[in-house]
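Here's the structure we're looking at; comments come further down.
The values are calculated or read from the model by the stated rules, or taken from the named source; none is laboratory data. Since we're looking at a predicted model, the values are computed, not measured. Every residue, glycine as well, gets a Cβ built from its backbone with ideal geometry; the counts of neighbours run over all protein chains shown.
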Amino acid sequence: MNVENKILKESLPYGNTQNAIFSNSDWEIIGKSAGNKDITGKRLNGKPESKKALLIGGVHGNETEGIRFMEEFVREFALNKSVSPVDCEIYVIPVFNPDGFLKFQRGNENGVDLNRNMPTKDWSDIYTEQKYFPGSRPCSEPETSVMMKVINDYRPDFIISFHSWKPMININGPARPFAEVMTKKLNMEIVEDIGYPTPGSLGTYAGWERKIPTITLEFERGVVLDSIYPLARDAILDTLAVL
Ligand SMILES: [Zn+2]
């Protein structure tokens, strides 16, 4: 782990509870991970009758770039306040996979890739590398049940999940109008197909199968973490303003 990632890890709640940014009582515990860690979320109120966006960080626990974006977003808009910076309502889940985050690994406590465990029609138990282990069956992991419950109960009109790999805006479902706004300031390629199959992914579950516009935003892996939020902040706000 490089120094910056270590600092970030310690600055986040699961690394150092004394500095917990989620210690405010208004954070909601929406479920538990396989390793029995809290998964927390918070609602930022929009204009009356507004649409709803869901922002998720850290589905992959070692993709610190996306978690860093969520951390900064939370610091600016969700600490001790609960009003959306745009018209739409926003629900934030900064660290969806606390087990992986604490261990700086992709999967959860059971080593399951949570972006391969959703109960999609194309779910498969075949995997090419250990890091893509999809679990023993669809929805074998408690985190997956939490995601399904959030989608079912909250009923988001738009989802962004923040990851890091090769920079790209991966769209699933009717998300292209959002991606086209997003890329104006982010300058990233919009792709429907990332080049290999992703059965059991959130994009397939929410985007293709439930027609909820879903963007998997891949920041560049390994960039200076301090550069992430200044790079993406306005692009994300502009994108949310589409709702
Ligand atoms: Zn990822």
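Quick test of your reading of the structure: residue 196 fulfils all but one of (1) under 29 Å from residue 99 (Cβ atoms); (2) at pLDDT 95 or above. Name the failing condition by number.
So the condition that residue 196 fails would be (2).
Got at least one residue in the range 53-69 being at pLDDT 95 or above, under 21 Å from residue 202 (Cβ atoms), away from the ligand (no atom under 16 Å from the Cβ) and not β-branched (Val, Ile, Thr)?
Among the residues of the range 53-69, at least one is at pLDDT 95 or above, under 21 Å from residue 202 (Cβ atoms), away from the ligand (no atom under 16 Å from the Cβ) and not β-branched (Val, Ile, Thr), which makes the answer yes.
Working only within the range 135-157, note down all residues that are within 16 Å of the ligand (Cβ to nearest atom) and under 11 Å from residue 206 (Cα atoms).
Residue satisfying the conditions is 147 alone.
Of the residues that sit in the range 81-125 and are surrounded by fewer than 24 Cβ atoms within 10 Å (Cβ to Cβ) and aromatic (Phe, Trp, Tyr), which one is nearest to the ligand (Cβ to nearest atom)?
Per the criteria, the residue is 104.
Name the one entry in 194, 169, 160, 212 that is in contact with a Lys or Arg (Cβ under 9 Å, 6 or more places away or on another chain) and within 16 Å of the ligand (Cβ to nearest atom).
194
Condition test on residue 199, is it within 16 Å of the ligand (Cβ to nearest atom), surrounded by fewer than 23 Cβ atoms within 10 Å (Cβ to Cβ) and more than 15 Å from the chain's Cα centre (by Cα)?
yes
Quick check, is residue 178 within 16 Å of the ligand (Cβ to nearest atom) and at pLDDT 95 or above?
On the way: within 16 Å of the ligand (Cβ to nearest atom): no; at pLDDT 95 or above: yes.
Judged against the criteria, residue 178 is not a match.
I'd like the full set of residues that are under 20 Å from residue 98 (Cα atoms) and among the β-branched types (Val, Ile, Thr), limited to the range 126-161.
Passing the criteria: 144, 146, 150, 151, 159, 160.
If residue 131 passes every condition in (1) in a helix (DSSP H, G or I); (2) within 15 Å of the ligand (Cβ to nearest atom); (3) surrounded by 21 or more Cβ atoms within 10 Å (Cβ to Cβ) but one, which one does it miss?
Exception for residue 131: condition (3).
Six or more apart or on different chains, Cβ atoms under 6 Å: show the pairs whose first residue is in the range 55-80 and over 20 Å from residue 108 (Cβ atoms) and whose second is assigned to a loop (DSSP other than H, G, I, E, B) and within 16 Å of the ligand (Cβ to nearest atom).
Between residues of the range 55-80 that are over 20 Å from residue 108 (Cβ atoms) and residues that are assigned to a loop (DSSP other than H, G, I, E, B) and within 16 Å of the ligand (Cβ to nearest atom), the close pairs are 74/94.
With the range 32-118 as the region, which strands (runs of 3 or more DSSP E) entirely inside it contain at least 2 residues that are among the aliphatic types (A, V, I, L, M) and under 24 Å from residue 168 (Cα atoms)?
Correct list: 52-57, 89-93.
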